[in-house]
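Every number here is computed from the coordinates shown, using simple stated rules; none is lab data. Worth saying up front: this structure is predicted, and the values here are computed from it rather than measured. Please note: Cβ atoms are built from the backbone with ideal geometry, for glycine as well, and neighbour counts cover all protein chains shown.
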Amino acid sequence: MEDHEIVSSSFTAIINAPIGSIDIPTWCFTLSEEEYQGCSPAHIAAGFTTAPDGKRMSINVEIIGGSLMVQHYVETLGEKDHLILESISDVFTPTGRTTIHVHWELSVKALDSRTCEFTNHVRTRATEDFMKFIDRQGIPLDVFRSQRQPMSIAHNKGETPFFAASIESAALRSGQTGTVLVAGQRGA
């Protein structure tokens with residue numbers, strides 16, 4: 001079966017807090033809606049619940065490229081320094097509703113005893129439903145991909161330093177200090 005990748009982008013930011021004070025899953029599954037909205041003008045709502053199998057789930061609602069997305073991120077790896085979430089996300093477009101698969105990976109690695117590098121990697125793939133959706137409209141995947149990539153990459157680039165700042169704030173609440181510096185794109 002083909003992978004049908006639409007976009008893969010990865011950006012980094014520096015967090016000035018020791019790695020031991022950072023807990024990405026706790027941050028993700030306690031992030032307030034207001035703080036989520038503050039990380040991007042495209043962010044509408046956020047909440048958390050559990051999936052039918054009992055795994056933690058983050059529900060995010062945002063608009064990317066004019067399409068409303070409801071993401072149902074289920075935790076597939078939850079370590080303090082590394083979180084992987086998978087979602088079959090609902091996408092509401094002017095021509096109808098479909099789904100895409102989103103792989104969201106957040107991680108930190110220590111640079112020294114007081115700073116970490118945060119990485120926000122997002123990868124989207126077409127679902128079978130999505131392929132049928134664009135086929136009905138006569139849109140080849142490569143055409144859709146070329147139009148979608150700039151918007152998705154810009155969204156990820158914009159939210160990454162704000163996610164890093166939010167994670168750093170959570171570390172600061174545990175008594176640490178620091179500030180965030182944007183580092184740029186890495187290997188998309």
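Brief remarks on what is shown
- Protection proxy ranking, highest mean first, for peptides 45-53, 59-67: 59-67, 45-53, where packing is the per-residue count of other beta-carbon atoms within 10 Å, averaged.
- Lysine pairs meeting the criterion (Cα under 27 Å, 8 or more apart or interchain), as found in the chain: 5
- All Cα pairs of the range 82-176, percent lying beyond 22 Å: 43 percent
- The C-alpha atoms of the chain define a longest principal axis, and helix 141-172 lies at about 20 degrees to it.
- Over the range 5-185 - Rg/Rh using Cα atoms and the Kirkwood inverse-distance radius: 0.99
- Karplus-derived 3J(HN,Hα), 6.51/-1.76/1.60, for each residue of the range 31-48, Hz, glycine and proline x: 4, 6, 4, 4, 5, 4, 4, x, 8, 5, x, 7, 7, 9, 8, 8, x, 9
- Charges were assigned to the Cβ only: +1 to each Lys and Arg, -1 to each Asp and Glu. The resulting dipole of the range 1-90 about its Cα centre is roughly 220 debye.
- Scattering curve values for the range 1-104, log₁₀ I(q)/I(0), Debye with Cα scatterers, q = 0.13, 0.19, 0.22 Å⁻¹: -0.54, -1.13, -1.41
- Taking every Cα-Cα distance in the range 1-53 and sorting them into 5 Å bins from zero, the calculated P(r) comes out as 4, 12, 14, 19, 20, 18, 9, 3, 1 percent.
- For the chain, calculated [θ]222 nm from helices alone, where every DSSP H run of n ≥ 4 adds -39500 (n - 2.57): -9000 deg cm²/dmol
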